[in-house]
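Structure first, commentary second.
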Amino acid sequence: MEIKNFDVNQEKLRDIYLKKLLLGEIQGPLTGKASIDKPWLKHYEELPDYKENNKTVYQELIEKNENRKERLALEYFGAKITFGELFKKIDDVAKSYYANGVREGDFVTICAAGTPETVYSFYALSKIGAVSNMIAPHFDHEQLIRRIEDCNSDILVVMDTFYDNIKDAIARSRIKKTVVIPTLNASLLGLVTKKHKIDRNNNEVYWNEFIKEGKNIGFVPECEYKMEHPLAMVYSSGTTGAAKGILLTNDSFQNSVYAYDKMGFDFRSGLKLYQIVPPWFSTGLSTSIHLPLSKGVSVYMDPRFDRKHFVKNIVRAKTNYTIAPTSMYEGFLDKSLIKNKNLSHLTYPFEGGEPLSIEVRSAVETVFREHGSNAELKVGYGQCEGGAGITTEIHNFQHPKGTVGIPLSGVIIGIFDENKNELTYGHRGEVLASTPCRMKEYYKNEDATNQYFYVDRNGRKWNCTGDVGYIDEDGYLYIEGRASDYSMVGDRKVYNFDVESAIKNVEGIANVDVLEKNDEAEENKMAVHIIPTGEFMTSISNNPKVLADKIFELQTLIFDKFQDETLVPTIFKLRESFPHAKSGKRDTVSMMNETDGFIKCPYDAKKSAKVKQVVA
């Protein structure tokens, strides 16, 4: 279906009417469908203005910080880079790319974590009108070569930390020039750090040598803004097949900036954000780099992705904002890391990318308070295909437990059934989002693009997220799991996250994952993988019967939820941790194929009933 023109003025008038209706200022009927009622409008301080973007990210950066040239922009291992220095670095890098033949529409492949050189390249390529092709270092060699071939990329910029892992693939690819970034190149230690050995015969150069190649370029033509002009490409995880290129535009990034303007967050020049999410995710590139810099907020960078450095850097650098997954924030629960340090500077900690239990959230926030910060751990939800954020919790507001917040300004969400009929509040279905920050397409994959987007009868374009959840009457979104996360028990489809939710808060259970078991000999194909707490493991060591009792308790809770004995798992496995794939996500494929260490425990619902009678 062809997308109809969007009438901004009509949408503004509709929002004004709806907010008055939601606040009880006027009387009238509501439909019970979130995308029509927009119940989240009552939480906004300002209504969306549906501002139409007309700038590239490079233009936004320069325009918003022209009068802040002496202010801090980037901080990296002791090096402090002002906005004025940042502008100069970007121009120098643009000249070097231009000298090497990079023009508007070309793709430059970048395999690097959060470093100043990554930032310089991103904005320099935006100035030229070229595309940053952000490749993760965990790609296997064949995927890496295919992704480079797909976009006809001739230049690869790679961090030395990742160089050894991909150098064989480089030799077999179409890459004509490789630029190697020494990890500490932009730091105060850059001149004394030992460099990785490179292959001069294969046209490989160090970053500083590359920069010198642009010294004779006097002027680089600046690409003017064009609607939906490609800016960056990130990739899907490839968990269910080959990784898909997610092509993002200047509009994807700029509309995200405008969306956060209306959410009540304090973005002021002089504040500082800790960037830890890798830039091969849209959150790492958009929300963690472009959003703060466009507001004059400085970015503290450290490419080491571990909770020890995460906690120590927040304390040492006195960062005000940070965006990170749950596993990083769990570092605050380690008293040896936080000690007696003050956290009063920490104002906006955001979590996303991993499940966050109510218990962990409460424990982390307790540590914040004990160390002088009143910050609440804000939860958000998004996808790379959505340009990064779709919903967020907002500042100074009491949110219901378990929610991932309300839509960003200008974003509309709804819950739909399998036939794309919108469901009313409280009903579970697929989460769809209509967002101005959305990707342009899955690169050179028209079928996947058409399958991902849905255009309704009114011409509104929706991202079909593949996530299952519901929306309450106040407009809060709750995510329950992926639609693809299910097991077939007989001929019945059972969502694994439903089983997990029944038992994940049981005493003695630190973490749990329910997966289909690839064993055709088993009639019941659900297996429960459990990470027990240390105290529970001690109890098992002292009395093995404790384990049998606990498994029976878990089975009974699951039976109570489903009231169907055939849906109660009979296969369990205790483990110290969950394996992770190279993408950083949990390696569920290897877990499903495991054959050792499982405990088989038949379940008898009648026995459970007798136990309950005795207890009663």
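Return the residues of the range 346-375 that are among the charged types (D, E, K, R) and either in contact with a Cys (Cβ under 6 Å, 6 or more places away or on another chain) or free of Cβ contacts under 8 Å to residues at least 12 places away in the same chain (or both); say none if nothing qualifies.
R369, E370
In the set T424, T465, which member is part of a loop (DSSP other than H, G, I, E, B), open to solvent by less than 60 Å² (accessible area, probe 1.4 Å) and touching a residue at least 24 places away in the same chain (Cβ under 8 Å)?
Answer to the check: T424.
Of all residues in the range 474-495, which are open to solvent by less than 70 Å² (accessible area, probe 1.4 Å), among the acidic types (D, E) and more than 22 Å from the chain's Cα centre (by Cα)?
D474
Given the condition open to solvent by less than 50 Å² (accessible area, probe 1.4 Å), in contact with a Leu (Cβ under 8 Å, 6 or more places away or on another chain), at positive phi and modelled with pLDDT of 90 or more, answer yes or no: does some residue in the range 525-547 qualify?
Checked the range 525-547: no residue is open to solvent by less than 50 Å² (accessible area, probe 1.4 Å), in contact with a Leu (Cβ under 8 Å, 6 or more places away or on another chain), at positive phi and modelled with pLDDT of 90 or more.
Considering every residue within the range 87-110, establish whether at least one is over 19 Å from I181 (Cα atoms), in a helix (DSSP H, G or I) and touching a residue at least 12 places away in the same chain (Cβ under 8 Å).
Yes: one or more hits.
Quick test of your reading of the structure: G459 fulfils all but one of (1) open to solvent by 20 Å² or more (accessible area, probe 1.4 Å); (2) over 25 Å from the mean Cα position of the chain (by Cα). Name the failing condition by number.
Result: G459 passes all but (1).
Given the structure, is K64 outside any loop (DSSP other than H, G, I, E, B), in contact (Cβ under 8 Å) with a residue 40 or more places away in the chain and out of contact with any Asp or Glu (no Cβ under 7 Å at 6 or more places or on another chain)?
It is true that K64 is outside any loop (DSSP other than H, G, I, E, B), in contact (Cβ under 8 Å) with a residue 40 or more places away in the chain and out of contact with any Asp or Glu (no Cβ under 7 Å at 6 or more places or on another chain).
Kindly indicate which of E422, E385, E446 is charged (D, E, K, R) and out of contact with any strand residue (DSSP E or B) (no Cβ under 8 Å at 6 or more places or on another chain).
Among E422, E385, E446, only E446 is charged (D, E, K, R) and out of contact with any strand residue (DSSP E or B) (no Cβ under 8 Å at 6 or more places or on another chain).
Any residue in the range 139-159 that is without any contact (Cβ under 8 Å) to a residue 60 or more places away in the chain and on the phi > 0 side of the Ramachandran plot sitting within a Cβ distance under 7 Å of a residue that is open to solvent by 10 Å² or more (accessible area, probe 1.4 Å) and of a type outside the set (G, A, S)? List the pairs, counting only those 6 or more apart or interchain.
Within 7 Å, the pairs are N152/F107.
Which condition number does I81 fail, the rest of (1) outside any loop (DSSP other than H, G, I, E, B); (2) surrounded by fewer than 17 Cβ atoms within 10 Å (Cβ to Cβ) being met?
(2)
State whether the residues of the range 379-390 include one that is at pLDDT below 95 and surrounded by fewer than 18 Cβ atoms within 10 Å (Cβ to Cβ).
No: zero hits.
The values are calculated or read from the model by the stated rules, or taken from the named source; none is laboratory data. What you see is a predicted model; the values in this text were computed from it and never measured. Note that we place each Cβ from the backbone using ideal geometry, even for glycine, and neighbour counts take in every protein chain shown. Areas reflect the complete protein model, heavy atoms only, side chains present, ligands, DNA and RNA absent. Shrake-Rupley method; radii C 1.70, N 1.55, O 1.52, S 1.80 Å.
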